[in-house]
Amino acid sequence: MRILANICSDNLQSSKNFYVDLLELKVKYESDWYIQLCAPDNSEIEYGIIKRDHELIPNHYQQKPAGMYVTFVVSDVDVTYRKAIEMGLRIIQEPQNEFYGQRRFLTQDPNGCLIDICSPWEAE
């Protein structure tokens, strides 16, 4: 089995730049209607971006995302947070330690998708 998450985008290049610049994802495949990214250290962990109005997407599903979010686990959430600030990204929630053992911050990608970026932490 293979699981691949895909998000819809109104601007493929802006979306690609967001994920490549912030999370250092690598471009695995790119066309004028679809971009496939992968984790920098594991090409089997993939994340796709497809044009929102592409014929493969039924009209009813071409809306902006709601009721879902995507989580990326990074080695140091504070380093990624500083990068997000430098990029001028909208911060939904600043980094904080959560009860379930993750330190996370929330931002939004260019498509309106809520992005949860976290790292494990342990209480001292």
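Would you call Val27 within 12 Å of the chain's Cα centre (by Cα) and at pLDDT 95 or above? Reasoning before the result, please.
Values: within 12 Å of the chain's Cα centre (by Cα): no; at pLDDT 95 or above: yes.
No: the conditions fail for Val27.
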Looking at (1) crowded, with 17+ Cβ neighbours inside 10 Å; (2) acidic (Asp, Glu); (3) free of Cβ contacts under 8 Å to residues at least 24 places away in the same chain, which is the one condition that is false for Glu46?
(3)
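Can you say whether Asp21 is more than 13 Å from the chain's Cα centre (by Cα), at pLDDT 95 or above and closer than 16 Å to Pro110 by Cβ, as far as the supplied structure shows?
On the way: more than 13 Å from the chain's Cα centre (by Cα): no; at pLDDT 95 or above: yes; closer than 16 Å to Pro110 by Cβ: yes.
The answer is no for Asp21.
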Residue list for the range 72-124, restricted to those being aromatic (Phe, Trp, Tyr) and farther than 17 Å from Leu25 by Cα:
Phe99, Tyr100, Phe105, Trp121
Quick count over the range 74-112, residues being within 15 Å of Asn17 (Cα to Cα), of a type in the set (A, V, I, L, M, F, W, C) and surrounded by 18 or more Cβ atoms within 10 Å (Cβ to Cβ), is 2
Residues that are farther than 13 Å from Ser15 by Cα and in contact with a Cys (Cβ under 7 Å, 6 or more places away or on another chain), drawn from the range 27-61:
Lys28, Ile45, Glu46, Ile57
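The values are calculated or read from the model by the stated rules, or taken from the named source; none is laboratory data. Please read these numbers as outputs of a predicted model, since none were measured by experiment. Here the Cβ is made from the backbone with ideal geometry for all residues, glycine too, and neighbour counts use every protein chain on show.
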